[in-house]
1. Working only within the range 134-180, note down all residues that are acidic (D, E) and either touching an Asp or Glu at 6+ places or on another chain (Cβ under 6 Å) or free of Cβ contacts under 8 Å to residues at least 40 places away in the same chain (or both).
2. Out of the range 22-45, which residues are in contact with a Leu (Cβ under 8 Å, 6 or more places away or on another chain) and over 17 Å from V498 (Cα atoms)?
3. Is one or more of the residues making up the range 262-277 closer than 24 Å to E424 by Cβ, touching a residue at least 24 places away in the same chain (Cβ under 8 Å) and either exposed (fewer than 15 other Cβ atoms within 10 Å of the Cβ) or not hydroxyl-bearing (S, T, Y) (or both)?
4. Scan A457, A500 and give me the residue that is surrounded by fewer than 20 Cβ atoms within 10 Å (Cβ to Cβ) and either in contact (Cβ under 8 Å) with a residue 24 or more places away in the chain or not assigned by TED's automatic domain parsing to the domain that holds P289 (or both).
5. Would you check if F385 is among the aromatic types (F, W, Y) and under 18 Å from G61 (Cα atoms)?
6. Identify all residues within the range 82-118 that are at pLDDT 95 or above, closer than 20 Å to L343 by Cα and in a loop (DSSP other than H, G, I, E, B); write none if there are none.
7. With the requirement that a residue be in a loop (DSSP other than H, G, I, E, B) and closer than 20 Å to E182 by Cα, what does the range 255-273 give you?
8. Considering (1) in contact with a Gly (Cβ under 9 Å, 6 or more places away or on another chain); (2) assigned by TED's automatic domain parsing to the domain that holds R361, say which one H82 fails and leave the rest.
Amino acid sequence: MSASPGAPEFADSYLVEVLSEFGLALKYVRAEGNTLHYLADDGSEVGVFDAASGFGSLMFGHNNPELVEHAKWLLDQQTPVHAQFSGYSYALDLAAKLNEIIRRELKTDDKFYGLFGNSGAEAVEITIKHAELDRGMRIKELKEGIEANVEAARSAIAGGARVSEAAAGLAGGADFDRLVAEVRRRNAETEARPPLFLALEGGFHGKLVSSVQLTFNEEFRGPFKALAAQARFIPRDRPEMIEKVVEEERAALLDVVVQDGVVDLVERDFPVFAAFLVEPILGEAGIFPISRELARALREACDRIGVPLVSDEIQSGMGRSGTFLAGTQIDLKPDYIILAKALGGGLAKLGVVLVNEHRYRKDFELMHTSTFGRDGFSSRLALKFLEMLEADGGKAYQLAAERGAKAVAMMEAIKADYPDVVKEVRGKGLMLGFELHDQSKSADPEIREAVEYEALAFVIGGHLLRKHRIRIFSTASNLETMRFEPSIHLSDEELAQVDAGFRDVCRILRDQDASKFA
C-alpha cells in the first residue's frame, strides 16, 4: 500500500491543476493538533499551522490522542458497525446525550428525536424530507377536513339548503355536484404546486441535490435548479421581507361551508412552504453571526406561517462558538437542529437532525434509512467527543471563547494598523472571519487581475502557506474573508505566526505590490 498520496490521473486532476498554480497542491501525509505535515520535493516533512481545521470539524485538533485511543479501543472491542434494523443501537445513547445538552442550552423540557446520516449535507437532505413529509401530512389533514365539510354540505343541500350566488358563479351553475367537481379540480391544481423553502441570503446548507437549492450561492445551485424544490431567500437585515415573500407565494384551497342554510365557499391557506433554514453564524457568506433581533423575528415569522424553524449548526455547533449551540447566544428557538462536522470527533463521518417532539413525524423512521448513519463505531466515538466537550464543567467551551477572544484582539490590532486593507473582523469563539477591503481597483494590475478571476484568495493562501507555513482559505461566497477555525488548543505561538502572516499580507496590499507575494 502506498505510504503517500498518489498521482491525480484518475481523480481530482483538474482540482490539482488549479491548486498547483498557487502552490496549494501539497501531499499532506501526517496530522496532529493544529499541524498538518506535507512532503517537500526532497521527501522531508514540513509542518504547517492549519487554520482551516477541516472547515470547523476539528474542535480538539487533528488525531486527538484521547479520541484516537478511544477509536482503537472501539475496534479492539469489536464494536458492531453494522447492526441495522435491530431496533437498538448506540445511536440511542447518542441521541439521549444530545437531548441532555440541548435541553439544557435551550432551557426546555421538550424532547428532540434524532435522525442520523453520514454528513452535514445528508442531514440537511433528511431535514428537507422530514419537513416535506410534515407538510404533506398537514395538507392531508386539510383535505380531509374539506371533504368532511363537502359531505356536511351535501346533507344540508338534501335538507333544503341552497348554493350561494358566488359559489354558483364559480361553478357555472347552482348544481351542488358541479360545484364540488370545480372545487376539487381547482384544489388539485393547487396541491400540485411543488414545495418551497425559506432561507437567508448568503446561507450555505450543502451541495447535494436538494440541499444545494437552499445554498444561496448561484454558482453552486444554478446548474441544478431543475432537480429539486426551490427556496426563496430573505436578506438577513430585512426580516420584514418574509411577509412579502409569503404573500407573493400564497395559495389557498377552496372549502365548502354552510351558513344559515346557504352553501358557500371559503379559502383555507395552503402550506406552500415546508421549512425555514438558518445558520446562527452564516459561515460561507463570510462568518456573519445573525442578531438576537433577527432570531426573534424568524421565530415569530415561522409561528405565523406555520413552518418549522431549522437551525443549521453543522459548522457553528458543538462548542466552536463558545457554547454548544451558537444559537444559544442569540436565544434562537429552533424546531429542528442539524449537527455534523465535529460531531464525529474529526475521525468519524456523522450527521444528525434533532426534531422537536411537537414537529416530529414518527413514520419517517421507516421511510429514510442510512447504511452508516447509525453505526456503532461513529455513535460511540461521538459520545466520547461529547464527554470531552462537557468535561470539567464545559472547559472546552470556555477555551473556544477565550482563545477566540485572543484571536479577535490580534486581528483587531491588525485592522487598526491597516484600516485601508482590513474591512472587518467577525465571528464568535473560534469561528472567525478576517475580511479584506475589495481590491478590484488596485493600482497593481496583477492584483486587479487576480480579483477579476476570483483568484486573490488563492494567491494570498499560497503566500501564507509558502512563506509563513499557515494553511487558510477564504469563505466560499465571500472571497475577501479569510476563515479562521482552528482547534481549542490554539497556542500563543500559533497566534503570533498568524499575526506575522496577516500583517505581511496587509503590507503587500497596502503597498500594492503583487511581486512580494511568495
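The values are calculated or read from the model by the stated rules, or taken from the named source; none is laboratory data. Model, not experiment: these values are computed from the prediction. All Cβ positions, even for glycine, are placed from backbone atoms using ideal geometry, and neighbour counts span all protein chains on display.
1. E141, E144, E147, E151, E165, D175, D177
2. Across the range 22-45, the qualifying residues are G23, L24, A25, L26, K27, Y28, V29, R30, Y38, L39, E45.
3. Among the residues of the range 262-277, not one is closer than 24 Å to E424 by Cβ, touching a residue at least 24 places away in the same chain (Cβ under 8 Å) and either exposed (fewer than 15 other Cβ atoms within 10 Å of the Cβ) or not hydroxyl-bearing (S, T, Y) (or both), which makes the answer no.
4. Working: A457 fails: surrounded by fewer than 20 Cβ atoms within 10 Å (Cβ to Cβ).
Matching residue, one of A457, A500: A500.
5. When the stated conditions are applied, F385 passes them.
6. K111
7. The answer is F270, and nothing else.
8. Of the numbered conditions (1) in contact with a Gly (Cβ under 9 Å, 6 or more places away or on another chain); (2) assigned by TED's automatic domain parsing to the domain that holds R361, the odd one out for H82 is (2).
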